[in-house]
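The numbers here are math on the coordinates, done by the rules we state, and not lab data. Computed from a predicted model, the values in this text were never measured in an experiment.
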Amino acid sequence: MSSDEHLRLFVGTSLPEHTIAVINRSATGALARPEWRPLPKLQWHLTALFLGNRPAVDLPMIRRSVRAIASETPRFHVLNGRLVTMPETGPYMLWVRFDPSPVLTELNRRLADALGLAPDTRQPYWPHITLARSSKPMPLLIEEAVCLERFPIDHLTVFSSELHPSGSIHTPLDSYIFT
């Protein structure tokens, strides 16, 4: 690892196959629109904190910090996932958006503090899973029906994210189970 090498990183929770299948069944109609560029299903995740481009030499410290926070965090759930397009003005992303979670908001703050970053300033912090993107604004969609009633957050994964013309490729580096 050279001292000038950088990694684009984030901390999040990967989805188990059965959760991917439930979401995919609910989102099939919305994803069928040709304007959407669906993310590969195995790339779907819920982000706790985006770290951005970090020096590769920071990775051991990041791993230690995330491991310590995971060891102090009880398992929790985000609730009532609905299909929505975001942002509300000029939407270009399709999400499963959950109800705001005070526990995830606090986890975001703790991770940011430990890693020397600012926590997310959007309030409330909307837990979400990005399913697809579009290069042009799409019609506003806010589903009333819940497509995923609850999603357990029981671990944190440090991911690298490499940007490619066809989309980002997320690679899990390490996962830490909550106590």
Item to complete: Quick one: which residues, 5 or more positions from V78 or on another chain, have an amide H under 5 Å from its amide H? H modelled 1.01 Å from N in the peptide plane, none for Pro or chain starts.
Response: F151, I153
Fill in: Residue-span extension gain [R33 to R109] - 0.36 nm each, minus C-alpha spacing
23.7 nm
Discussion item. For the chain, set up a GNM with springs between Cα atoms under 10 Å and report which of H18, H128, H155 has the largest fluctuation.
Written reply: H18
Worksheet, complete the sentence: Along the stretch 4-15, Karplus-curve 3J(HN,Hα) (6.51, -1.76, 1.60; θ = phi - 60°) to the nearest Hz, with x for Gly and Pro, reads 9, 6, 10, 10, 8, 10, 8, 10, x, 10, 6, 9
Worksheet item: Under a GNM of the chain (C-alpha, springs under 10 Å), which listed residue has the highest mean-square fluctuation: M138, M93, M61?
Response: M61
Worksheet, complete the sentence: With the 8 Å Cα cutoff and a minimum separation of six or more residues, the chain has a relative contact order in percent of 32
Worksheet item: Taking amide hydrogens as modeled 1.01 Å from N in the peptide plane, which residues meet the under 5 Å criterion relative to D174, leaving out close sequence neighbours?
Response: V158
Item to complete: Measure nothing fancy, just the Cα-based angle from helix 59-71's long axis to the longest principal axis of the chain, in degrees from 0 to 90, nearest 10.
Response: 70
Fill in: Amide H partners (placed H, <5 Å) of T73, local residues excluded
T179
Response to the item:
In deg cm²/dmol, rounded to the nearest 500, the helical mean residue ellipticity at 222 nm of the chain, built from -39500 (n - 2.57) for every DSSP H run of length 4 or more, is -7500 deg cm²/dmol
Discussion item. Considering only C-alpha atoms, what is the centroid distance from the stretch 99-142 to the stretch 5-23, in Å?
Written reply: 14
